[in-house]
1. Can you give the charge dipole size of segment 1-81 about its Cα centre, rounded to the nearest 20 debye, using +1 on the beta carbon of Lys and Arg and -1 on the beta carbon of Asp and Glu?
2. Under the classification rounded if a/c is under 1.5, otherwise prolate if a/b is larger than b/c and oblate if not, where does the chain fall, given a ≥ b ≥ c as square roots of the Cα gyration tensor eigenvalues?
3. For the chain, with only Lys/Arg (+1) and Asp/Glu (-1) charged at the beta-carbon, what is the dipole magnitude about the Cα centre, in debye rounded to 20?
4. Calculate the FRET efficiency for SER4 and VAL52 from the Cβ-Cβ distance with a Förster distance of 35 Å, rounded to the nearest 0.05.
5. Between segment 1-46 and segment 140-180, how far is it from one alpha carbon centroid to the other, in angstrom?
6. If you roll a 1.4 angstrom probe over the protein chains with everything in place, what fraction of the accessible area of the chain belongs to carbon and sulfur, to the nearest %?
7. Could you sort LYS68, LYS214 by accessible area so the largest value comes first, with the probe set to 1.4 Å?
8. Provide PHE189, PHE61 ordered by accessible surface of protein heavy atoms (probe 1.4 Å), highest first.
Amino acid sequence: MGESSKAKAERLAEVYSILESRYPDARLRLDFSTALDLLVASILAARCRDDVVNRTTKSLFAKYRTAKDYADANVETLEAQLGGLPMFRRKARSIKAACEALVAEHGGEVPADVNALTALKGVGRKTANLVLSNAFGQPAIVVDTHVLRICRRLGISSEAEDPGQTEQALMKILPEKRWSHLAHIFSDFGRDICSARNPKCALCPVAELCPSFKG
Ligand code: SF4
C-alpha cells in the first residue's frame, strides 16, 4: 500500500526541520531592492546561475529604475546590457514586453497577484511565486529545478508530475508558513548534497527519510 498523505506530511515536516537547521542562512540568492528588480532578475535567472544574474543586474538596476524605463528602452540596447546571458535576446524582449504591460495595465507597478503576474510575457508560475513570496511576503511555493528534483527523489511527487502538480502536492501537505522558505532550503541542499548528478547520499542528513537513498 502506498504512503498515506498524513505519513508523507510527517516525513516532509521532518525533512524540512532537519534541512532548516542544516542551512540556517538559506535565502533567495538573487539581489533586488524592489518588486520590479526581482521580477526582472527572475526572468533573467532562467537557465542561468544566480551569481551570474547578480553581476548583470548590478548595472542594469542602476540604469533602469522603473517599468517605464524598461518599456521605453531600445531593445538592442537592453540586449547589449544583458551581456551574453543565456537566451539574452528573448529575455530582453520579455522584460520590455512585461514592463510595457505593467505601464499599460498596472500603473507601472508590479501586481501582487499570481494571475496578473503570469499574464506578463516571460513570467510563469515559478517566477510569479518567487516574486510574490520574496517581494510581497505572500505564502507561495517556488518549484524550481532543485525543488522538483528533490521532491521526486523524496517521493513527495512522482517522476510524471510536472512543477505545477508538484506545487499542488506540496500545498496539500506542507503548512502555509513553510511555503516560501522551502525553495531557499532545497536550493542550498540541492547544491550541497542532493545534486542533479551524483547526489552525495552517504553524506545526506535526510537519508533515512528518503526512498531514493543509494548507499
Ligand atoms: S538520500 Fe540521496 S537522493 Fe535522497 S535526498 Fe539524500 S542525497 Fe538526495
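1. For segment 1-81, the charge dipole is close to 100 debye.
2. prolate
3. 540
4. Rounded to the nearest 0.05, the efficiency is 0.25.
5. Comparing the Cα centres of segment 1-46 and segment 140-180, I get a distance of 9 Å.
6. Here carbon and sulfur together make up 51 percent of the probe-accessible area.
7. LYS214, LYS68
8. From most exposed to least exposed: PHE61, PHE189.
The values are calculated or read from the model by the stated rules, or taken from the named source; none is laboratory data. What you see is a predicted model, and the numbers here were worked out from it, not measured in a lab. Please note: Cβ atoms are built from the backbone with ideal geometry, for glycine as well, and neighbour counts cover all protein chains shown. What goes into the accessible areas is simple: the full protein's heavy atoms, side chains included, and nothing from ligands, DNA or RNA. Shrake-Rupley method; radii C 1.70, N 1.55, O 1.52, S 1.80 Å.
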